[in-house]
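Worksheet for the structure shown next.
The values are calculated or read from the model by the stated rules, or taken from the named source; none is laboratory data. What you are looking at is a predicted structure, and each value in this text was computed from that prediction instead of being measured. Because the Cβ atoms are built from the backbone with ideal geometry, glycine has one as well, and the counts that use them run over all protein chains shown.
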Amino acid sequence: MTGNAIIGQAGGPTAVINQSLVGIVEALATRQRVGRILGMRHGVQGLTAGQIVDLTDLPADQLNAVADSPSAALGSTRDKPDEAYCQRIVQACQKNEIKYFFYIGGNDSSDTCRIVNELAKASGSDMRCFHVPKTVDNDLPINDHTPGFGSAARFVATACMADSRDNASIPGIKVNVVMGRSAGFLTAASALARQNENDGPHLIYLPEVAFDEDRFVQDVAQTYDRLGRCQIAVSEGIQDASGVAIAAKLIKGDTDAHGNVQLSGSGALGDLLSGLLKDRLTTAGSKPPRVRADTFGYLQRCWPDASPVDQSEAREAGRFAAGLALEGHADGSVALIRTSTPGPSESYQVECQRIELSEVAAKTKHMSDAFILGYNDVSRAFVDYCRPLVGELPTLATLS
């Protein structure tokens, strides 16, 4: 099938989303039946507005430089297209003689790709639609892990390593709020910071485990009494026993097109938890404990120290999607499937597989029970699972 190809990026940018973009371009450029290779400025928002950039003849050195750069080179969008919006997307594709449609993104972006695919088919179009996975939350079903997660997990691990040394230098209580609305993978990655017995984070709180204020205060008090300090990693999406996000109760801000409260744009949760600890751990006649809170926020997504494994897999996911389209598949999503068994002696291996758009579109994966240890920690199984994805971490020395 001869025609033009178009690529879009959507949702939160990552340190490796451009690897997937370049992987698609590289694979398409080798086939004569692909005409122009186009890019949507700010995803489908730009496509429907006629904001398109030609990627066909970009030199290899420029493509490689873009691939190694964080954030979305084409620009991103959080638009949630309804059926009428998707009709305009299909019309824009017809106008630009698009036969190959690629959308790089997470849960909601995969759903956009699914709707566009269904409408294109209903209109009699033979356009081929493919979703390429991306999300730092690591919450796409079927996938063992998702491009973007390994690099963000690397940031969280190294940030917590440095912060643990800071916490040991000037002892106190430190709360670090990590991204993760519904899935705790990124917060759990903080466990990779532990190199010695008493290294932080000493406590890890995930959205998958109901958050109880009284138990939280008791956990911190016990750790503080034992070590004279306490470092805490907490997901921005921690929920109460009824499933309501703690931060969502506090933040009176805007929601995005998908109805999500912007948890990462606020320090409200960190302020709440630090205030709670100061209040509850201060005894009559004594000074409040030294409590500080940081919200990692958007820094986690595009830190320019990507995991080499993440870079390679993101590039391959793009190439694989293009290969599927060129081989004659009509649609689908790319999934990263681990073919080795996680563990201390694992020889890490992963492969790309095609899955149906319906298997991933608008769906969310959570951490398994096997990865969670009690109310405030992660298991060794999670550490073994996560370690190969982040690349080699620095080794920090102490005098003790």
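Table: residues versus (1) in the same structural domain as L119 (by TED's automatic domain parsing); (2) within 23 Å of V220 (Cα to Cα); (3) in contact with a Ser or Thr (Cβ under 7 Å, 6 or more places away or on another chain).
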| site | (1), (2), (3) |
| --- | --- |
| L277 | no, yes, no |
| L281 | no, yes, no |
| G285 | no, yes, no |
| V309 | yes, no, no |
| L326 | yes, no, no |
| D331 | yes, no, no |
| V334 | yes, no, no |
| R338 | yes, no, no |
| S347 | yes, no, yes |
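Scanning the range 363-381 for residues that are surrounded by 16 or more Cβ atoms within 10 Å (Cβ to Cβ) and of a type in the set (S, T, Y) yields Y375, S379. Against the definition (more than 23 Å from S340 (Cα to Cα), modelled with pLDDT of 95 or more and outside the structural domain of D384 (by TED's automatic domain parsing)), how does H202 come out, yes or no? Taking the combined requirement at face value, the residue does not satisfy it. Of the residues V360, V291, V350, the single one that is surrounded by 13 or more Cβ atoms within 10 Å (Cβ to Cβ), of a type in the set (A, V, I, L, M) and under 30 Å from S164 (Cα atoms) is V291. So, in the range 294-329, exactly how many residues are among the basic types (K, R) and either part of a helix (DSSP H, G or I) or surrounded by fewer than 17 Cβ atoms within 10 Å (Cβ to Cβ) (or both)? The number of residues fulfilling the criteria is 2.
The residue list G172, G150 contains one member that is surrounded by fewer than 21 Cβ atoms within 10 Å (Cβ to Cβ) and either farther than 30 Å from G297 by Cα or in contact (Cβ under 8 Å) with a residue 12 or more places away in the chain (or both), which is G172. Residues that are farther than 16 Å from I355 by Cβ and either hydrophobic (A, V, I, L, M, F, W, C) or modelled with pLDDT of 95 or more (or both) within the range 111-137 comprise I115, V116, L119, A120, A122, M127, V136, D137, listed in sequence order. Taking residues in the range 92-117 that are surrounded by fewer than 23 Cβ atoms within 10 Å (Cβ to Cβ), and partners anywhere that are modelled with pLDDT under 95 and assigned to a strand (DSSP E or B), the pairs with Cβ atoms closer than 6 Å and at least 6 places apart or on different chains are E97/G3; K99/G3. In the range 1-51, what residues are over 30 Å from L389 (Cα atoms), buried (at least 18 other Cβ atoms within 10 Å of the Cβ), hydrophobic (A, V, I, L, M, F, W, C) and modelled with pLDDT of 95 or more? Selection gives A5, I37, L38, V44, L47. Applying a threshold of 8 Å to beta carbon distances and a minimum spacing of six or more residues, or different chains, the list of pairs starting in the range 39-55 at a residue that is of a type in the set (D, E) and ending at one that is modelled with pLDDT of 95 or more and surrounded by fewer than 20 Cβ atoms within 10 Å (Cβ to Cβ) reads D54/R36. Looking only at residues in the range 275-293 that are touching a residue at least 40 places away in the same chain (Cβ under 8 Å) and in a loop (DSSP other than H, G, I, E, B), the one that is nearest to A159 (Cα to Cα) is R290. What about R315, is it at pLDDT 95 or above, in the same structural domain as M179 (by TED's automatic domain parsing) and either in contact with a helix residue (DSSP H, G or I) (Cβ under 6 Å, 6 or more places away or on another chain) or on the phi < 0 side of the Ramachandran plot (or both)? No: the conditions fail for R315. Being modelled with pLDDT of 90 or more, exposed (fewer than 15 other Cβ atoms within 10 Å of the Cβ), among the charged types (D, E, K, R) and closer than 30 Å to G11 by Cβ holds for only one residue in D240, D225, D256, and it is D240.
Right, R181: touching an Asp or Glu at 6+ places or on another chain (Cβ under 9 Å), of a type in the set (D, E, K, R) and in contact (Cβ under 8 Å) with a residue 60 or more places away in the chain or not? Here the answer is yes, as R181 does meet what is asked.
Sort out which residues of the range 24-40 are assigned to a helix (DSSP H, G or I) and under 27 Å from the mean Cα position of the chain (by Cα), and write them in order of number. Listed by number, the residues that qualify are I24, V25, E26, A27, L28. Residues that are more than 22 Å from L326 (Cα to Cα) and of a type in the set (K, R) number at least 1 in the following helices (runs of 4 or more DSSP H) confined to the range 41-132: 83-95. Within the range 166-222, the residues that satisfy the criterion of being among the hydroxyl-bearing types (S, T, Y) and not in a helix (DSSP H, G or I) are S182, Y205. Name, by its number, the condition in (1) in the same structural domain as D166 (by TED's automatic domain parsing); (2) closer than 17 Å to T135 by Cα; (3) out of contact with any His (no Cβ under 9 Å at 6 or more places or on another chain); (4) of a type outside the set (G, A, S) that does not hold for D384. So D384 meets the others, but not (2).
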